[in-house]
1. Given a 1.4 Å probe, how much area per residue of the stretch 1-55 is accessible, in Å²?
2. Probe of 1.4 angstrom, ligands and nucleic acids ignored: what's the accessible area per residue over the stretch 61-168, in square angstrom?
3. For the stretch 99-156, what are Rg and Dmax over the alpha carbons, in angstrom?
4. Just add up the charged neighbours of D114: K/R +1, D/E -1, any other residue whose Cβ is under 14 Å from the Cβ of D114.
5. Using a Förster distance of 22 angstrom, determine the FRET efficiency expected from the C-beta separation of A58 and A36, and round it to 0.05.
6. How much of the accessible area of the stretch 68-110, in percent, comes from carbon and sulfur atoms when a 1.4 Å probe is used?
7. Sort largest first and round to whole Å: the equivalent ellipsoid semi-axes of the stretch 62-112, each the square root of five times a Cα gyration tensor eigenvalue.
8. Apply the Kirkwood formula to the stretch 1-114: the hydrodynamic radius equals the inverse of the mean of 1/r over all pairs of different alpha-carbon atoms; give it in Å with one decimal.
Amino acid sequence: MRSIWTGSVSFGLINIPIKMFSAVQESSLDMDMLDAKDHANIKFKRVNENTGKEVDFANIVKGYNLEGKYIILEDSDFEAADAIKTKTIDIESFAFEKEIQSIYYEQPYYLEPDKGALNAYGLLRDALEASGKVGVTRFVLRNKESLAILKPYKNVIVLNRIRFEQEIRSTAELKLPPMSKKSTKEMDMAEKLIDQLTEKFDISGFKDEYTAKLLDIIKKKAKGKPQKAAPKLKVVHKQSDDLMEMLKASLENKKKKSS
């Protein structure tokens, strides 16, 4: 793995030099875009809008359009906006993870202690584990301020970027049923079905089956084997209005599968 950011985690007066690595990788197949005529690769180029000529990446600068005029920004300008946050992950507070809704979660990263920081890193990781809390922090990554939490995962500290509140869209325009706290027969039956289907979550039991099936199709096509016709699926927009009957049938179906 190659680090994508270096800096330090600030924990009170303790400063922990770290390296940041991406914690995830895509499981989907890497597809290339080809010309339908001759299957030649489609290439994307950075082109000057005025001359039509390709521009080397080294000659590209960043600019902000302010009232029709571009203001060019240098690396020093980005650092000057908040020099501390460009190099420091400062823990501002601690909170219980359950207080943070899943909609805010964005991207996880592994943090590795840099030279001489093993003891301090281990202390923070183990203290977070013992407290059952996460560290809430802000830092700057790729010229963008990010809100994040720090939490232990196995033997590593994971930094998980989370979105700011203003980045979450309002639900006001969605047509939704009103919330109901009143207990009904249907609600009781739905809770029974939830209880029946409840089991300990084990991530290892979930695999990317779609990608595996798609790869199998690709290999068969490469060998010239005919592909079975895809089943026709029909989206059901409306089911029976009798929710109680459907819930009962769901419970019975689960019992049959279990027996």
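The values are calculated or read from the model by the stated rules, or taken from the named source; none is laboratory data. It should be emphasised that the depicted structure is a prediction, and the values quoted were computed from it without experimental measurement. Positions of Cβ are generated from backbone atoms using ideal geometry, with glycine treated the same way; all protein chains shown enter the neighbour counts. Only protein heavy atoms, including side chains, enter the accessible area calculation; ligands, DNA and RNA are left aside. Shrake-Rupley method; radii C 1.70, N 1.55, O 1.52, S 1.80 Å.
1. Details: 4730 Å² over 55 residues.
Solvent-accessible surface per residue comes out at 86 Å².
2. 66 Å²
3. Taking only Cα atoms of the stretch 99-156, I get Rg and Dmax of 12.6, 37 Å.
4. Summing Lys and Arg as +1 and Asp and Glu as -1 gives +2.
5. Efficiency at R0 = 22 Å is approximately 0.05.
6. 52 percent
7. In descending order, the three semi-axes are 32, 17, 11 Å.
8. Computed over the stretch 1-114, the radius equals 19.4 Å.
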